[in-house]
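These notes are about the structure you will find just below.
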Amino acid sequence: MSFKNLGSTGELFPQSVFIIASYDENGVPNAMNAAWAGECSRHEICFNIGDHKTTANIVTKGAFTVSPADAAHVVEADYFGIASGNNVDKAAASGMTFTRSEFVDAPVIEEFPLTMECEVTEIQGDEHGARIVGRVVNTRVDETMLDDEGRVDFGKMRPIVYDSTRRIYRVVGEEVGGAWDAGMKLM
């Protein structure tokens, strides 16, 4: 192998594409595409976002929802990342269905097959940029995305990930080994 130094740029892949939805102070729904996010435990979501309408909304309301974007909605997911909620009503322009969560003061986007409804537990920063942690209050999933044992089947859901080196989205899919199983060959 031959190696090349690329400098200080991080190259972690994949970066899940999450759609973070919130309400503003007037109850107007908004959504943004965020790749700098993830589960920090089985019951918490953590993400870093800059100076966005969504940041201000979450600081004001103390709640948000997170949906992994899927291949069926790549156009809308990308739109949520390129349009600004400060300039346009993204909910109306996207044509997606925003409904009120039963559990937190944030919208659920009906077309996404999985949504985690979260209440804010920690904010490091302010409405101009923050690291936000939320406790998952409820996870709702389209039943057609479940396997025979009632578990989420991401193969059916076809979530997308962001490839930052090429600025493209890819679909998660192929199974290559079992967790806590494949490595047993070396035990």
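The values are calculated or read from the model by the stated rules, or taken from the named source; none is laboratory data. Here the structure is a predicted model, which is why all the values come from computation and not from measurement. Every residue, glycine among them, receives a Cβ derived from its backbone with ideal geometry; neighbour counts consider all protein chains shown. Protein only, heavy atoms only, side chains kept; ligands, DNA and RNA dropped before computing areas. Shrake-Rupley method; radii C 1.70, N 1.55, O 1.52, S 1.80 Å.
List of remarks:
- For peptides 150-161, 105-116, sequence by mean Cβ density within 10 Å, most packed first: 105-116, 150-161
- Estimated FRET transfer efficiency (ASP142, ASN5; beta-carbon r; R0 41 Å; 0.05): 0.35
- Here the 3J(HN,Hα) profile of segment 174-179, calculated from phi with Karplus coefficients 6.51, -1.76 and 1.60 at θ = phi - 60°, is 4, 8, 10, x, x, 5 Hz, Gly and Pro shown as x.
- Of the residues SER84, GLN124, ALA63, the one whose Cα sits farthest towards the positive end of the charge dipole of segment 34-156 is GLN124 (charges of +1 on Lys and Arg Cβ, -1 on Asp and Glu Cβ, taken about the Cα centre).
- For segment 1-84, the solvent-accessible area with a 1.4 angstrom probe is 53 square angstrom per residue.
- Taken about its Cα centre, segment 90-187 carries a charge dipole of roughly 500 debye when the Cβ of each Lys and Arg holds +1 and the Cβ of each Asp and Glu holds -1.
- Principal axis extents of the C-alpha atoms in segment 105-187 (largest first, rounded to whole Å): 48, 33, 31.
- Per residue accessible area of segment 86-187, 1.4 Å probe, in Å²: 66 Å²
- A Cβ-based charge dipole, computed about the Cα centre of segment 61-141 with Lys and Arg at +1 and Asp and Glu at -1, lands at about 100 debye.
- Remark on VAL136: its backbone amide H falls under 5 Å from those of GLU44, ILE45, a criterion applied only to residues 5 or more positions apart or on other chains, H modelled at 1.01 Å from N.
- Relative intensity, log₁₀ I(q)/I(0), of segment 8-76 from a Debye sum that treats every alpha carbon as a point, q = 0.25, 0.26 Å⁻¹: -1.20, -1.25
- Accessible area of segment 25-172 belonging to carbon and sulfur atoms, whole % at 1.4 Å probe: 46 percent
- Gained length - VAL172 relative to ASP51, 0.36 nm times residue gap less alpha-carbon distance: 40.6 nm
- Rounded to the nearest whole angstrom, the semi-axes of the ellipsoid equivalent to the chain, taken from the Cα gyration tensor as √(5λ), stand at 28, 21, 17, largest first.
- Taking 0.36 nm per residue of separation and subtracting the current Cα-Cα distance, fully stretching the chain between GLU110 and ASP153 would add 13.7 nm.
- Charges were assigned to the Cβ only: +1 to each Lys and Arg, -1 to each Asp and Glu. The resulting dipole of the chain about its Cα centre is roughly 620 debye.
- Segment GLU44-ASN86, extension gain: residue separation times 0.36 nm, minus the distance between their alpha carbons: 12.4 nm
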